[in-house]
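Okay, so here's the structure we're looking at.
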Amino acid sequence: MIKQTRFGEFGGVFAPETLMASLEELEQAWRHLRADAKFQARLQNLLHTYAGRPTPLTLAERLSDEHGFELWLKREDLLHTGAHKLNNALGQCLLAKEIGKTRILAETGAGQHGVATATACAKLGLECVVYMGAVDAKRQKPNVGRMELMGARVEVVEHGQRTLKDAINEAMRAWVSDPAAHYVLGSALGPHPFPSMVAEFHEVIGKEARAQILQQANGLPDVAIACVGGGSNAIGLFRGFMQDDSVEMVGVEAGGEGMEEGKHAARFSGGKPGVLHGCYTWLLQDADGQILPTHSVSAGLDYPAVGPEHAELQKRGRARYEYATDDEALHAFAQLSEKEGILPALESSHAVAWVLQNATALRGKRLIVNLSGRGDKDLATIFSLRDAEANS
């Protein structure tokens with residue numbers, strides 16, 4: 001019987017009986033392989049020679065000088081495929097291959113997890129099917145093309161809000177009907193063991209960042225900041241500093257167009273605990289428990305729930321969760337582009353936006369922002385918004 005591992009009261013296994021055997025098989029394989037020296041050596045070799053780890057830690061000198069803080073960027077945007085997602089995709093696909101799986105299912109919102117999974121499958125010789133909401137497929141068209149070029153089949157989801165939540169629904173349905181496949185869930189959420197497993201594959205972010213800041217700045221940061229959709233990049237960073245009580249941890253959600261219902265994806269500011277996609281956590285729901293629509297300019301942050309480990313960190317006060325609006329994220333994108341020569345993903349721009357919005361309070365502090373991805377995928381959105389503003 002599967003152990004219902006939780007983070008405090010959050011997490012658990014809320015899954016149909018038809019998935020329990022697959023979840024039990026996955027938990028058993030993960031617990032075995034995470035302690036297997038040969039598996040870990042192969043994964044570390046792939047992360048180093050194929051993915052490009054360690055990623056650098058870069059001082060944002062011009063923004064730091066302008067605002068009077070010390071801003072360091074953990075450069076996951078420089079990882080192969082352009083985002084942190086490859087850490088988990090390589091880990092899960094390698095695990096799947098070790099236990100004899102040949103067919104991989106995945107979901108994606110902003111497209112980066114889909115690209116990472118397609119990449120890992122191409123490298124390891126696995127069949128890949130990626131589910132993606134029609135709205136996201138349209139605004140992230142380059143990533144759809146990248147997945148297809150690497151041999152993946154992209155299944156566009158045309159129902160619901162046609163975004164990440166609906167893509168996860170379809171991927172889980174496909175897994176129910178195809179237990180011989182492995183579902184590579186892309187964030188630190190879902191039923192156990194996914195939240196713990198995905199977080200563990202991303203711990204490398206925080207471990208590297210901690211060692212790098214000690215070496216390059218001779219001390220720990222005062223604040224570690226990351227954007228939070230499902231929460232994989234943030235938990236990867238936070239786990240490196242969890243035992244350092246002096247380091248404050250801040251997750252930044254999508255404030256969208258404001259706190260009106262349906263206009264944002266700030267779960268901790270407008271939500272309450274409930275169950276979605278297999279785990280008990282904070283989510284956006286109405287009085288009847290129906291999932292509310294969400295909005296964000298960034299396709300990767302408009303998910304209505306958050307990973308259960310984040311819910312527990314928030315409850316016990318170890319991390320706090322703020323939000324940045326669309327306009328603030330777009331301003332941060334422009335600032336980092338123009339003053340540091342780095343085009344950040346719109347998801348990552350939310351973390352930078354929180355720093356800029358709180359610049360006065362952060363003066364004199366050392367900060368690490370996890371730059372979870374690069375902004376190439378968002379250029380169509382950026383140009384469209386810019387043209388619309390010019391013509392208004």
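The values are calculated or read from the model by the stated rules, or taken from the named source; none is laboratory data. It should be emphasised that the depicted structure is a prediction, and the values quoted were computed from it without experimental measurement. All Cβ positions, glycine included, derive from the backbone under ideal geometry; neighbour counts span all protein chains shown.
Comparison of V135, V130, V198, V154 shows that the only residue that is among the β-branched types (V, I, T), closer than 30 Å to G262 by Cβ, outside any loop (DSSP other than H, G, I, E, B) and modelled with pLDDT under 95 is V135. T55 passes every criterion in (1) part of a helix (DSSP H, G or I); (2) within 24 Å of L237 (Cβ to Cβ) apart from (1).
All conditions but one from (1) crowded, with 24+ Cβ neighbours inside 10 Å; (2) closer than 19 Å to F238 by Cβ apply to D77; the one that does not is (1). G206 passes every criterion in (1) free of Cβ contacts under 8 Å to residues at least 60 places away in the same chain; (2) surrounded by 22 or more Cβ atoms within 10 Å (Cβ to Cβ); (3) on the phi > 0 side of the Ramachandran plot apart from (3).
Matching residues to (1) in contact with a Leu (Cβ under 6 Å, 6 or more places away or on another chain); (2) over 25 Å from A305 (Cα atoms); (3) of a type in the set (G, A, S):
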{"site": "G111", "(1), (2), (3)": "no, no, yes"}
{"site": "T117", "(1), (2), (3)": "no, no, no"}
{"site": "A122", "(1), (2), (3)": "no, yes, yes"}
{"site": "V144", "(1), (2), (3)": "no, no, no"}
{"site": "E158", "(1), (2), (3)": "no, no, no"}
{"site": "I168", "(1), (2), (3)": "no, no, no"}
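Do we find that T381 is of a type in the set (V, I, T), modelled with pLDDT of 95 or more and outside the structural domain of A137 (by TED's automatic domain parsing) in this structure? Even if it seems obvious, please write down each step before you answer.
Working: of a type in the set (V, I, T): yes; modelled with pLDDT of 95 or more: no; outside the structural domain of A137 (by TED's automatic domain parsing): yes.
Answer is no for this residue.
Is it fair to say A110 is in a loop (DSSP other than H, G, I, E, B), outside the structural domain of T294 (by TED's automatic domain parsing) and in contact with a helix residue (DSSP H, G or I) (Cβ under 8 Å, 6 or more places away or on another chain)? Answer is yes for this residue. Of all residues in the stretch 63-86, those being more than 10 Å from L371 (Cα to Cα) and in contact with a Pro (Cβ under 8 Å, 6 or more places away or on another chain) number 0.
Can you spot a residue in the stretch 275-290 that is in contact with a His (Cβ under 7 Å, 6 or more places away or on another chain) and either crowded, with 24+ Cβ neighbours inside 10 Å or under 25 Å from L71 (Cβ atoms) (or both)? If you could, list the steps in order and put the result at the bottom.
We begin by selecting, within the stretch 275-290, every residue in contact with a His (Cβ under 7 Å, 6 or more places away or on another chain); these are none.
Among the residues of the stretch 275-290, not one is in contact with a His (Cβ under 7 Å, 6 or more places away or on another chain) and either crowded, with 24+ Cβ neighbours inside 10 Å or under 25 Å from L71 (Cβ atoms) (or both), which makes the answer no.
Restricted to the stretch 352-364, and to residues there that are free of Cβ contacts under 8 Å to residues at least 60 places away in the same chain and part of a helix (DSSP H, G or I), the residue that is nearest to A226 (Cα to Cα) is V352. Note on the stretch 184-220: residues that are within 13 Å of the chain's Cα centre (by Cα) and among the polar types (S, T, N, Q) amount to 1. Is it the case that some residue within the stretch 350-369 is within 18 Å of V144 (Cβ to Cβ), in the same structural domain as S64 (by TED's automatic domain parsing) and crowded, with 17+ Cβ neighbours inside 10 Å? Scanning the stretch 350-369, I find no residue that is within 18 Å of V144 (Cβ to Cβ), in the same structural domain as S64 (by TED's automatic domain parsing) and crowded, with 17+ Cβ neighbours inside 10 Å, so the answer is no.
When you check S187 against the structure, is it of a type in the set (S, T, Y), part of a helix (DSSP H, G or I) and touching a residue at least 60 places away in the same chain (Cβ under 8 Å), yes or no? Reasoning before the result, please.
On the way: of a type in the set (S, T, Y): yes; part of a helix (DSSP H, G or I): no; touching a residue at least 60 places away in the same chain (Cβ under 8 Å): yes.
In short, no.
The condition (being closer than 30 Å to Q285 by Cα and either part of a loop (DSSP other than H, G, I, E, B) or not assigned by TED's automatic domain parsing to the domain that holds A234 (or both)) is satisfied by just one residue among A174, A180, A122: A174.
Assigned by TED's automatic domain parsing to the domain that holds G278, more than 27 Å from R146 (Cβ to Cβ) and within 22 Å of the chain's Cα centre (by Cα): which single residue out of L63, L79, L71, L23 fits that description?
Details: L63 fails: within 22 Å of the chain's Cα centre (by Cα); L79 fails: more than 27 Å from R146 (Cβ to Cβ); L23 fails: assigned by TED's automatic domain parsing to the domain that holds G278.
Among L63, L79, L71, L23, only L71 is assigned by TED's automatic domain parsing to the domain that holds G278, more than 27 Å from R146 (Cβ to Cβ) and within 22 Å of the chain's Cα centre (by Cα).
Is it true that some residue in the stretch 162-170 is crowded, with 20+ Cβ neighbours inside 10 Å, in the same structural domain as Q112 (by TED's automatic domain parsing), in a loop (DSSP other than H, G, I, E, B) and at pLDDT below 95? Yes; the residues of the stretch 162-170 include at least one that is crowded, with 20+ Cβ neighbours inside 10 Å, in the same structural domain as Q112 (by TED's automatic domain parsing), in a loop (DSSP other than H, G, I, E, B) and at pLDDT below 95. For E25, the conditions (1) surrounded by fewer than 20 Cβ atoms within 10 Å (Cβ to Cβ); (2) charged (D, E, K, R); (3) in contact with a strand residue (DSSP E or B) (Cβ under 8 Å, 6 or more places away or on another chain) all hold with the exception of (3).
Only a single item in (1) crowded, with 18+ Cβ neighbours inside 10 Å; (2) farther than 18 Å from S22 by Cα; (3) over 21 Å from the mean Cα position of the chain (by Cα) is not met by A181, and it is number (2).
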